[in-house]
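Quick notes on the structure that follows.
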Amino acid sequence: RRKGLSLNWWPRREVGREDEPVMDAEETVGAGALATHVELVEGPDPELAATMGFSGFGKKARTFDLEAMFEQTRRTAVERSKKMLEARAREEEAHKEKELRSQHEDVDSAASGSSVMGACPAVSCREAESSESEDGSNEELIGPPLPCQTSIQGPAEDTDDDDEFIGPPLPPGYKDSDDDDYDDMQEEDNNPVKKIPDSHEITLQHGTKTVSALGLDPSGARLVTGGYDYDVRLWDFAGMDASLQAFRSLQPCECHQIKSLQYSSTGDVILVVSGNSQAKVLDRDGFPVMECVKGDQYIVDMANTKGHTAMLNTGCWHPKIKEEFLTCSNDGTVRTWDVNNDKKHKGVFKPRSVQGKRVIPTTCTYSRDGKLIAAGCQDGSIQIWDRNMNVHTKFHCRQAHAPGTETSCLTFSYDGTVLASRGGDDTLKIWDIRQLKKPLNSVEGLSSFFPMTDCCFSPDDKLIVTGTSIKKGGGNGKLIFFERETFQKVYEIEVTDASVVRCLWHPKLNQIMVGTGNGLAKVYYDPIKSQRGAKLCVVKTKRKARQAETLTQDYIITPHALPMFREPRQRSTRKQLEKDRLDPLKSHKPEPPVAGPGRGGRVGTHGGTLSSYIVKNIALDKTDDSNPREAILRHAKEAEDNPYWVAPAYSKTQPKAVFAEVESEEDETDNKPEWKKRKI
């Protein structure tokens with residue numbers, strides 16, 4: 001019978017009062033009030049109260065009709081939204097009328113005819129707005145009124161043709177900027193010389209001897225250099241300022257020249273190859289991680305030894321497997337290693353000459369995919385193995401370079417089909433590994449005095465770069481760029497007045513690193529074409545050198561002491577230095593060392609210690625008596641009167657000492673013969 005929800009736990013009607021008429025909540029709801037109804041009861045039923053145990057049981061609860069509440073709330077919201085929309089529409093209409101009036105006034109002041117022309121759209125706009133407002137009131141539209149149609153159709157009719165240009169005609173010879181950019185990009189693609197980043201350079205001072213090794217991590221954040229001075233220096237581009245100082249310098253291989261440095265494919269470790277027979281692996285900060293084992297030099301078959309037995313020549317990391325690296329040595333073997341196993345090599349490859357004899361590999365490298373291992377040997381041959389088959393070569397060329405010369409570098413192109421070799425016979429050659437009998441191109445006259453002069457490909461594989469060596473005073477060492485397809489010399493950079501030994505073109509940074517024969521490592525970059533690297537450190541100002549602060553006098557901090565016993569705490573080192581400068585004792589200039597013999601209680605430079613002073617003034621004193629016998633007998637009377645050492649031990653058995661009497665000089669001359677007297 002009744003719609004509604006009771007908010008108490010008990011029935012709405014009481015026992016015995018079911019026939020009482022009940023008023024609906026809708027009858028009591030006003031225009032803006034909530035639908036509520038409260039029924040009051042005269043009193044609780046005494047029997048029911050006694051049964052339930054408390055006197056308040058049985059009273060009528062306050063009930064709510066939720067449907068009526070929701071309906072009333074919806075009506076109120078609709079009325080408020082209508083009022084807000086109508087007020088907003090009136091404000092916008094008044095604003096538009098003001099704008100139209102101001103436009104009409106401007107047009108009337110300009111010309112009388114234009115005012116008539118401008119009045120029509122204004123009237124039509126007002127009529128359209130009034131009609132739209134009437135329709136909107138009926139349809140209850142929400143939002144701002146629609147814009148005038150005449151203002152939309154006017155410019156649309158004028159701009160029907162998409163090819164029409166607005167404004168004055170273009171000047172003769174004008175080209176669109178987009179077309180220029182597109183043409184420039186096409187020109188750069190066709191001319192790889194424009195991609196060479198050589199507009200700016202920085203110079204890193206490694207030392208005074210040849211920089212024989214360079215390495216950059218894959219991200220290009222750190223550079224490592226090594227040289228003939230046994231030093232390895234680590235450079236951090238992000239941490240350096242304009243002073244360009246290395247953050248660490250070490251000698252990992254003691255007194256052996258560094259021959260090769262390379263970061264692994266992940267950049268977390270560095271391979272160090274030096275003039276000894278054991279390669280080392282360092283972490284990014286230069287601390288040792290692993291050292292290869294040394295082999296037994298008395299075993300004839302080098303495959304049976306655990307490691308190299310002679311000087312290393314070079315080494316490199318596997319491009320895909322981060323734990324594997326490759327080394328070659330004068331013992332005639334190429335060995336692969338695992339970083340996690342320093343007790344024995346992983347694999348052995350033995351190059352052979354035409355007669356099947358042992359030949360020394362001077363350089364080695366992996367292919368880009370890591371499936372091939374290539375080695376250049378002293379007999380001028382290039383031998384390539386499958387990484388998983390170390391017995392027979394997969395490709396080989398017996399006369400790649402002149403026999404007896406050291407092939408200093410082998411490198412694969414980024415597409416993996418072309419191999420470039422830098423020979424000790426002053427040549428640079430490029431090979432197709434599928435047809436290794438004859439080079440694709442070669443160039444001669446590139447002098448090379450170092451066994452590690454290398455070459456590299458540009459990041460787009462269109463250029464090949466190598467350096468030239470010079471004698472002292474013979475000009476400048478050059479970095480020469482050749483086009484890969486035609487092998488034409490397209491560009492060169494004069495680096496310095498020394499040989500160019502190492503070169504490295506990083507693909508991510510687009511910067512060229514060069515190691516020279518006079519201890520310099522140069523970095524060539526372009527602010528626009530290059531990324532990060534040297535650009536990070538050149539913009540940082542040099543840090544001011546801290547003044548050498550003298551050690552101030554130590555003081556004791558006693559926080560719980562009484563004020564009269566508490567020493568004043570130093571607040572500033574600068575103020576303390578200024579006070580010490582005024583103190584005549586603390587600012588007293590130390591006296592220079594004494595030159596020559598000591599004076600004024602000070603010992604000379606040659607007698608700085610007590611022992612040297614004693615030796616000089618006592619032990620080496622030459623002012624001795626002319627008669628040694630008298631010097632000995634000088635203490636005879638004292639020894640006889642007060643015996644201490646010898647006499648008490650031999651007091652019973654020692655005979656009485658009898659000494660010869662010494663005659664005076666006059667008696668001696670009288671007793672001498674005549675011929676002696678005459679001589680005297």
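Got a sec? Which of G295, G315 is of a type outside the set (A, V, I, L, M, F, W, C) and not in a strand (DSSP E or B)? If you could, list the steps in order and put the result at the bottom.
Details: G315 fails: not in a strand (DSSP E or B).
From the options G295, G315, the qualifying one is G295.
Within the group T573, T550, which residue is of a type outside the set (A, V, I, L, M) and at pLDDT below 65? Sole residue among the options that is of a type outside the set (A, V, I, L, M) and at pLDDT below 65: T550. D461 falls short of the stated requirement of being assigned to a loop (DSSP other than H, G, I, E, B), surrounded by fewer than 20 Cβ atoms within 10 Å (Cβ to Cβ) and more than 36 Å from the chain's Cα centre (by Cα). Evaluated against (1) out of contact with any Gly (no Cβ under 8 Å at 6 or more places or on another chain); (2) in contact (Cβ under 8 Å) with a residue 24 or more places away in the chain; (3) farther than 16 Å from P361 by Cα, D432 falls short on exactly one condition, (2).
Give segment 388-414 a look and list any residue that's out of contact with any Gly (no Cβ under 7 Å at 6 or more places or on another chain), in a loop (DSSP other than H, G, I, E, B) and not hydroxyl-bearing (S, T, Y), or say none. Please lay out each step first, then the result.
Kept after step one, since they are out of contact with any Gly (no Cβ under 7 Å at 6 or more places or on another chain), are these residues of segment 388-414: 388-389, 391-398, 404, 409, 411-414.
Remaining after also requiring in a loop (DSSP other than H, G, I, E, B): 388, 391-394, 398, 404, 413-414.
The answer is N388, V391, H392, K394, R398, G404.
Residues are listed down the side, and each one gets a yes or a no for (1) among the β-branched types (V, I, T); (2) more than 29 Å from the chain's Cα centre (by Cα); (3) under 26 Å from L372 (Cα atoms):
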{"site": "G445", "(1), (2), (3)": "no, yes, no"}
{"site": "L479", "(1), (2), (3)": "no, no, no"}
{"site": "F482", "(1), (2), (3)": "no, yes, yes"}
{"site": "E485", "(1), (2), (3)": "no, yes, yes"}
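Being closer than 21 Å to N390 by Cα and open to solvent by 10 Å² or more (accessible area, probe 1.4 Å) is a condition met by no residue of segment 281-291.
Surrounded by fewer than 22 Cβ atoms within 10 Å (Cβ to Cβ), free of Cβ contacts under 8 Å to residues at least 12 places away in the same chain and within 25 Å of the chain's Cα centre (by Cα): does that describe Q251?
Details: surrounded by fewer than 22 Cβ atoms within 10 Å (Cβ to Cβ): yes; free of Cβ contacts under 8 Å to residues at least 12 places away in the same chain: no; within 25 Å of the chain's Cα centre (by Cα): yes.
No, not satisfied.
Under 8 Å by Cβ, and 6 or more places apart or on different chains, what pairs join a residue from segment 454-481 that is touching a residue at least 40 places away in the same chain (Cβ under 8 Å) and within 20 Å of L509 (Cα to Cα) with one that is assigned to a loop (DSSP other than H, G, I, E, B) and open to solvent by 40 Å² or more (accessible area, probe 1.4 Å)? Listed pairs, sorted by first residue: F457/Y414; P459/Y414; P459/P507; D461/Y414; D461/D415; K462/E485. Among residues of segment 383-411 being surrounded by fewer than 19 Cβ atoms within 10 Å (Cβ to Cβ) and under 39 Å from the mean Cα position of the chain (by Cα), the one that is nearest to L436 (Cα to Cα) is D386.
Residues in segment 264-274 that are open to solvent by less than 20 Å² (accessible area, probe 1.4 Å) and of a type outside the set (A, V, I, L, M) were compared, and the one that is nearest to T327 (Cα to Cα) is S274. Selection of segment 507-525 for residues being under 14 Å from S458 (Cβ atoms) and either surrounded by 24 or more Cβ atoms within 10 Å (Cβ to Cβ) or in contact with a helix residue (DSSP H, G or I) (Cβ under 9 Å, 6 or more places away or on another chain) (or both) yields L509, N510, Q511, I512, M513, Y524.
Scanning segment 400-434 for residues that are under 20 Å from G467 (Cβ atoms) and among the acidic types (D, E) turns up E406, D425, D426. Count, please, the residues in segment 415-431 that happen to be polar (S, T, N, Q), crowded, with 20+ Cβ neighbours inside 10 Å and in a loop (DSSP other than H, G, I, E, B). Number of matching residues: 0.
Taken over segment 306-336, the residue count meeting the criterion of being more than 18 Å from Q383 (Cα to Cα), without any contact (Cβ under 8 Å) to a residue 40 or more places away in the chain and open to solvent by 10 Å² or more (accessible area, probe 1.4 Å) is 5.
The set of residues in segment 481-502 being within 23 Å of D415 (Cα to Cα) and open to solvent by less than 10 Å² (accessible area, probe 1.4 Å) consists of F481, F482.
Give me the residue from segment 482-495 that is in a strand (DSSP E or B) and without any contact (Cβ under 8 Å) to a residue 40 or more places away in the chain and, out of that set, nearest to P192 (Cα to Cα).
Step one: list which residues in segment 482-495 are in a strand (DSSP E or B), which gives 482-483, 489-495.
Among the residues that remain, those that are also without any contact (Cβ under 8 Å) to a residue 40 or more places away in the chain are: 492, 494-495.
Numbers: E492: 13, E494: 19, V495: 20 Å.
Taking the candidates together, the pick is E492.
Of the residues making up segment 232-274, just one is at pLDDT 90 or above, more than 15 Å from G533 (Cα to Cα) and among the acidic types (D, E), namely D268.
The values are calculated or read from the model by the stated rules, or taken from the named source; none is laboratory data. Because the structure is predicted, anything quoted here is derived from the model rather than measured. Here Cβ is always computed from backbone atoms with ideal geometry, including for glycine, and neighbour counts include all displayed protein chains. SASA here: full protein model, heavy atoms, side chains in, ligands and nucleic acids out. Shrake-Rupley method; radii C 1.70, N 1.55, O 1.52, S 1.80 Å.
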